[in-house]
Amino acid sequence: MKIKPLLDTLRLEKISDETYFSKKYSNYISNSRLGLINPKQGGSPEKFFAGFKPIYSGSLDLGSAVHQMSLQSKFFEICKTVDKPTAKVGVIADKIYNIFKGKVPNKEDICKIAAEIDYYHGLLSEKQIETVFTKCKPYWADRKLFEDSYTGNKELIYLDPRTREIACNCIVALKKNQYIQNLLYPKGLIENPISENEQAILLDVEIDGKFILKIKAKLDNYTIDKETNTIVVNDIKTLGRIVSDFSINVDKYRYNRELSLYSWLLSLCANKFYDMKDPIIKGNYLVVSTIPQYYTKIVPMTKSMYNEGWKEFVYLLKLVAKSVETDYKDFGIWISKK
């Protein structure tokens, strides 16, 4: 099976998370979606083509806040005076607030949102509904009061007190690590390298000249150094264990596949948009532990890590292509033969 990148389709651009994860790009293959077909991650073709089901967890809120404040602090701000409820009740609180803007909803509205996020399947008892109201009403009132008086222009991040404390400590720890900051914002001898955060790369690939699959990726941070012909992909990882145990998460979540894919796509961009031939490719995990003392660590990608990740990416993309060729033909864009 031959996989041919169609370089005319290669795009490097800023795309908001809302758009990136919207229906517009739902037929694109991301690294995380490849996990849905990976047998080693409990995947299958059925899971892959069904796509992701929404996942709500405190760890996702924490990771998002750390990324947003470490890489896009010009656009985001953590609200430190309004406490969001914890766990799925916090998700309900946000969804309700975005609809009613501080007004108190009725019981049916609560149950409808609860069903959307699979909180007791939306079948809440009177006691459970009352619990939601008890936990959410102060949040709705405090948030409305805060936003009515807020004069800034940043997108506000609301967290429960414990998650907010952990996030702020992680953000400070990353900022204090000068080696990490030098990777994110490097200096050059004459010209500073290009450094960008949260940029998306889109690419179509042709499979055996029969059909096209679409690939998407969103990079935490990358740098392009034309002086040394070097590109670097940096990926921030929050870790709920000590930093010396980071390899456990690398294996569990197949991080090497992620950075291998991102580095390949960035190398194509460096060639196409900056005329960099055969650039030196580097990658780093910028790790911060979410447990005190919030230690940080830089874990560079090695050649063996790149090889392992690349082989798995190609293997899984071929699994997708095989399924498109046989059972899920609507997913591919078929090339008509005249």
Take Lys88 and decide whether it is modelled with pLDDT of 95 or more, basic (Lys, Arg) and either surrounded by fewer than 16 Cβ atoms within 10 Å (Cβ to Cβ) or within 24 Å of the chain's Cα centre (by Cα) (or both). no
Yes or no: the stretch 102-114 includes at least one residue that is small (Gly, Ala, Ser) and free of Cβ contacts under 8 Å to residues at least 60 places away in the same chain. yes
What is the residue count in the stretch 211-229 for residues that are in a strand (DSSP E or B), farther than 30 Å from Ser64 by Cα and touching a helix residue (DSSP H, G or I) at 6+ places or on another chain (Cβ under 9 Å)? 1
Hey, does the stretch 36-45 have a residue that's assigned to a loop (DSSP other than H, G, I, E, B), touching a residue at least 60 places away in the same chain (Cβ under 8 Å) and over 19 Å from Tyr158 (Cβ atoms)? yes
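Could you please give the count of residues in the stretch 140-157 that are within 16 Å of Gln72 (Cα to Cα), outside any strand (DSSP E or B) and touching a residue at least 60 places away in the same chain (Cβ under 8 Å)?
Going through the stretch 140-157 one residue at a time, the tally reaches 2.
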Take Lys95 and tell me if it is over 30 Å from Phe133 (Cα atoms) and either of a type in the set (Lys, Arg) or in a helix (DSSP H, G or I) (or both). no
Filter the stretch 102-129 down to residues that are assigned to a loop (DSSP other than H, G, I, E, B) and in contact with a helix residue (DSSP H, G or I) (Cβ under 7 Å, 6 or more places away or on another chain) and give me whichever is farthest from Asp148 (Cα to Cα). Leu124
Scan the stretch 174-210 for residues that are more than 18 Å from Phe76 (Cα to Cα), open to solvent by 20 Å² or more (accessible area, probe 1.4 Å) and in a helix (DSSP H, G or I) and report the count. 6
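The values are calculated or read from the model by the stated rules, or taken from the named source; none is laboratory data. No experiment lies behind these values; they were computed from the predicted model shown. Please note: Cβ atoms are built from the backbone with ideal geometry, for glycine as well, and neighbour counts cover all protein chains shown. Note: accessible area is taken over every heavy atom of the protein model, side chains too, but ligands, DNA and RNA are not part of it. Shrake-Rupley method; radii C 1.70, N 1.55, O 1.52, S 1.80 Å.
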